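Below: the structure, in structure tokens.
FYI, it's all coordinate maths here, none of it is from the lab. Keep in mind that what you see is a predicted model, and the values were worked out from it rather than measured. Neighbour counts run over all protein chains shown; Cβ positions are idealised from the backbone, glycine included.
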Ligand SMILES: [Zn+2]
């Protein structure tokens, strides 16, 4: 997946003072995913107020995040202790809005799992994987390794590889470098 470089300028032009339809849609889909995750986890979902935050998620390259404080006591579900917040705020990165629907869903499933498991524990990853959630932010992207070449001032993606084919991506990039010297990098 590639991202337009001038996205921020476009967004600034078009959405000044207007409601952010993209983010509102993501919030609606997140609420669907919360129901999907927790009904499949066979957990009784308490009433949670889910709001949309205005900030970008914390951290570089982070596509989405939820912010909440835990006031409720942990609840035993099967063998697990779940901690559901009473109020959660979803943060959506600009970058997420540019992704395709399937990728957005994988990211939102990951965030929905965090409502019961705040940390990246083994139980969190088991549930997230089972339900098709992104396990890292990179999993959400269709092609995880991009070979990029510097053209003028910018790097352009010239070929993509699945995340488990790093060795092949490196070999391919080296071949390009030998045939056409220049600056290359892998974006993962
Ligand atoms: Zn996470």
Legend entry - Separation in nanometres of the label points that stand 7 Å from Cα toward Cβ, at residue 100 and residue 24: 2.7 nm
Legend entry - Rough spin-label spacing in nm, given labels placed 7 Å along Cα→Cβ, for residue 130 and residue 159: 4.0 nm
Legend entry - Simple label model, 7 Å out from Cα along Cβ direction - residue 54 to residue 83, nm: 2.9 nm
Inset, instruction - Determine, for each peptide in 24-32, 126-134, the mean count of other beta carbons within 10 angstrom over its residues, then list the peptides with the highest first. - result: 126-134, 24-32
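Using the number of other C-beta atoms within 10 angstrom as an exposure proxy, rank 55, 101, 20 with the fewest first.
101, 55, 20
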Inset, instruction - Determine the distance separating the Cα centre of segment 35-55 from the Cα centre of segment 107-130; give it in Å without decimals. - result: 12 Å
